[in-house]
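Single-structure report; data block below.
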Amino acid sequence: MSGADVEEQLRESGLRVTRQRVAVLTVLHDHPHTDTDTVIRQVREVAGDVSHQAVYDALRALTEAGLVRRIQPTGSVARYEVRVGDNHHHVVCRSCAAIADVDCAVGEAPCLTPSDSHGYLIDQAEVTYWGLCPECAAAAAS
Ligand SMILES: [Zn+2]
Ligand SMILES: [Zn+2]
């Protein structure tokens, strides 16, 4: 993802192109599922001195515009990613909190279809798989 692509994405979403937004999007493209503090640290590495507030504002604008998805597994701080729109799920390590993407099992996951929708128009189901990542499982076994 080049800087030009990121700027294009911002323009297509009707957002003003700012140094902070370009930096936040670029960081999230390279590091999915990143929490706010880490985004701030990495944005400063690529864009120099940027305030906490500027990063918060950029994350909020990008999330509202649908360019960024905010996820918050139970017991975790909010994390952000640029893979949006496919309602994919996540697997979270109970030990080190590493997160990986799990594609949605469309039509084959009975638990995603409510037994009774109560007339609601359902457009999203939250599924989080919990366990141990390969590193932590290996460490636990040894
Ligand atoms: Zn782990
Ligand atoms: Zn994800």
* Structure fact -> For the chain, one quarter of the surface area of the C-alpha convex hull, expressed in nm², comes to 11.2
* Structure fact -> With +1 at each Lys and Arg Cβ and -1 at each Asp and Glu Cβ, the charge dipole magnitude of the chain around its Cα centre, to the nearest 20 debye, comes out at 420
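Within 11 Å, Cβ to Cβ, of His89, how many net charges do the neighbouring residues add up to if Lys/Arg are +1 and Asp/Glu are -1?
Working: positive: none; negative: Asp86, Asp101, Asp103, Glu126.
Spelling it out: positives minus negatives among the neighbours equals -4.
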* **Helix 36-47 axis, angle to the chain major axis (alpha carbon atoms, nearest 10°)** => 30
* Structure fact -> At q = 0.14, 0.15, 0.19, 0.24 Å⁻¹, the log10 of I(q)/I(0) for segment 3-71 from a Debye sum over equal Cα scatterers comes to -0.34, -0.39, -0.65, -1.08
* To do: Report the relative contact order of the chain, percent, no decimals, based on alpha-carbon pairs under 8 angstrom and at least 6 residues apart.
  => 19
* Structure fact -> Extension length gain for Tyr56 and Thr74 (0.36 nm per residue less Cα distance), in nm, is 4.4 nm
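For segment 1-87, state which trypsin sites (Lys or Arg not before Pro) are in a DSSP loop and have at most 16 other beta carbons lying within 10 Å of their beta carbon.
Numbers: sites: Arg11, Arg16, Arg19, Arg21, Arg41, Arg44, Arg60, Arg69, Arg70, Arg79, Arg83; in loops: Arg16, Arg83.
Answer by residue number: Arg16, Arg83.
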* Selection from Trp130, Ser13, Ala23 lying farthest towards where the dipole of segment 1-130 points positive, charges on Cβ -> Ala23
* GNM, the chain, Cα, under 10 Å: largest mean-square fluctuation among Val77, Val27, Val55? -> Val77
* Asked: Can you list, bin by bin at 5 Å, the percent of alpha carbon pairs in segment 86-141, starting at 0?
  -> 4, 17, 21, 17, 15, 11, 8, 4, 2, 0
* Using bins 10 angstrom wide from zero, how does P(r) for segment 40-97 break down, in % of all Cα pairs? -> 19, 44, 32, 4
* Quick one: helix 52-64 against the long Cα principal axis of the chain, what's the angle to the nearest 10°, folded into 0 to 90? -> 60
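With n ≥ 4 as the cut-off for DSSP H runs, can you work out [θ] at 222 nm for the chain, using -39500 (n - 2.57) per run divided by the number of residues, rounded to the nearest 500? Provide the component values of the computation, followed by the final result.
Working: 5 runs with 55 residues, N = 142.
Per the formula, -11500 deg cm²/dmol.
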* Evaluate the distance, in nm, between pseudo-label points positioned 7 Å from the Cα of Asn87 and of Leu121 along their respective Cα→Cβ axes. => 1.3
* To do: Compute the separation of the alpha-carbon centres of segment 72-86 and segment 20-54 and state it in Å as a whole number.
  => 15
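Where a number appears in this text, it was derived from the coordinates with a stated rule and is not lab data. All values reported here derive from a predicted model rather than from experimental measurement. When we count neighbours, we look across all protein chains shown, and the Cβ atoms used for this are built from the backbone with ideal geometry, even at glycine.
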